[in-house]
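Chemist: First, the structure itself, so that you have it in front of you.
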Amino acid sequence: MNEVTLTRMKQMKLHGMHGAFKTAIETGKTDDYTIDQFVSMITDAEWDDRNNRKIERLIKNARFHYKATIENVVYEHARNIDRTKLLRLAECDFINKNENVLISGSTGAGKSYIATALGYQACIEGYRVLYFNTTKMFSKLKMAKADGSYLKELAKMARHQLIILDDFGLQPLDSQNRIALLELIEDRHNKGSMLVTSQLPVSKWYEIIGEKTIADAIIDRLIHQSHRIELMGESMRKKRNIYSE
C-alpha cells in the first residue's frame, strides 16, 4: 500500500509529500504522529518544496550574474550605507508601492552587489525580477527593433515587478536608446519598480540621457518616490585584493 501511495504521489508531482512520506517510512516514524499531525507534516513538506522550487525558478529567470545576499553586505562607516535603510528595502515593500531604488558610487564600491542582493531577496519574497547590464539591454532592444519584436520585448519586461538596470550611464544615450528608456520607464510608472545603479550621481544623468525634455521626463519618473543610496569609500575589489595578499 505504501509503495502504491508513493508512486501516485510521484505521478501527481507531489514531490514534497513523496519525500516526507518516504523518509517517515524509512525511519520508522509513521507511528509517531496522529493522523492529523501526519497530514499536516506532509502538507507542510509539499508547501515548502513548491515554495523553494518557485524561488529557484524566479532566481533563474532573473538572470543575475552571481549570487549575492543582504547578510553579506559590508557595513563600514566609510561606505555610507545605512544598515537600517537597506534592511527595510530588503523587506521589499518598495516593490508593493511601485517605488524605485537608485544606487550611485564609484567603480568597485559595491553597487552591483547590493542591487543583486536586493534582487535575490525580492525573488525569495516571491517577486518577478529581471536583471540587465544596461548597455546589453539597449543592444537587445535595438535588435528587437530590427526584427520586429520590440513591443513584445517591452511587454515581457513589463510583466516583471522589479527591473534592475546595472551600470547605467557608462556612455551617453543615442536617440534610439533614449526613447527606449523613456518607453520602458513610462510602462512601469506606478505599475512596477526599477533599481538603477550608476557610477554617476543622479545630477549627472541629464548629460548622459541628453535631449532635455526627454531627460526631464525620465528622471522625474525615476526619482519620484525613490530611495537613494550613495556609496562612498575605496573600491571593495581593491580591499579584497589587499586582504588576500
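Chemist: Please go through region 28-47 and pick out each residue that is over 15 Å from Lys13 (Cβ atoms) and among the charged types (D, E, K, R).
Modeler: Within region 28-47, Lys29, Asp31, Asp32, Asp36, Asp44 qualify.
Chemist: Can I ask one more? Any residue in region 117-127 that is in contact with a Lys or Arg (Cβ under 8 Å, 6 or more places away or on another chain) and open to solvent by 20 Å² or more (accessible area, probe 1.4 Å)? Full working, then the answer.
Modeler: Residues of region 117-127 in contact with a Lys or Arg (Cβ under 8 Å, 6 or more places away or on another chain): 120, 126.
Then drop every residue that is not open to solvent by 20 Å² or more (accessible area, probe 1.4 Å), which leaves 120, 126.
Yes.
Chemist: Is there a residue being open to solvent by 60 Å² or more (accessible area, probe 1.4 Å), closer than 15 Å to Cys123 by Cβ and under 12 Å from the mean Cα position of the chain (by Cα) anywhere in region 67-81?
Modeler: yes
Chemist: Also, quick follow-up: Just wondering, is there one or more residues in region 35-57 that are surrounded by 14 or more Cβ atoms within 10 Å (Cβ to Cβ) and in contact (Cβ under 8 Å) with a residue 40 or more places away in the chain?
Modeler: Yes - at least one qualifying residue is present in region 35-57.
Chemist: Touching an Asp or Glu at 6+ places or on another chain (Cβ under 8 Å), part of a helix (DSSP H, G or I), among the hydrophobic types (A, V, I, L, M, F, W, C) and at pLDDT 95 or above - does that describe any residue in region 128-139? Walk me through how you get there before you give the answer.
Modeler: Within region 128-139, the first condition is being touching an Asp or Glu at 6+ places or on another chain (Cβ under 8 Å), and the residues that meet it are 131-135.
Retained after the next criterion (residues that are part of a helix (DSSP H, G or I)): 134-135.
The next check asks that each one be among the hydrophobic types (A, V, I, L, M, F, W, C); those that pass are none.
No: region 128-139 contains no residue that is touching an Asp or Glu at 6+ places or on another chain (Cβ under 8 Å), part of a helix (DSSP H, G or I), among the hydrophobic types (A, V, I, L, M, F, W, C) and at pLDDT 95 or above.
Chemist: While we're here: Working only within region 141-157, note down all residues that are surrounded by 15 or more Cβ atoms within 10 Å (Cβ to Cβ) and either under 21 Å from the mean Cα position of the chain (by Cα) or in a strand (DSSP E or B) (or both).
Modeler: Within region 141-157, Leu141, Glu153, Leu154, Met157 meet the criteria.
Chemist: When you check Thr27 against the structure, is it modelled with pLDDT of 80 or more, over 24 Å from Gly126 (Cα atoms), open to solvent by 40 Å² or more (accessible area, probe 1.4 Å) and among the β-branched types (Val, Ile, Thr), yes or no?
Modeler: Values: modelled with pLDDT of 80 or more: yes; over 24 Å from Gly126 (Cα atoms): yes; open to solvent by 40 Å² or more (accessible area, probe 1.4 Å): yes; among the β-branched types (Val, Ile, Thr): yes.
Yes, satisfied.
The values are calculated or read from the model by the stated rules, or taken from the named source; none is laboratory data. Being a predicted model, the structure only gives us computed values, none of them experimental. Heads up, the Cβs are rebuilt from the backbone with ideal geometry, glycines too, and the neighbour counts pull from every protein chain shown. Areas reflect the complete protein model, heavy atoms only, side chains present, ligands, DNA and RNA absent. Shrake-Rupley method; radii C 1.70, N 1.55, O 1.52, S 1.80 Å.
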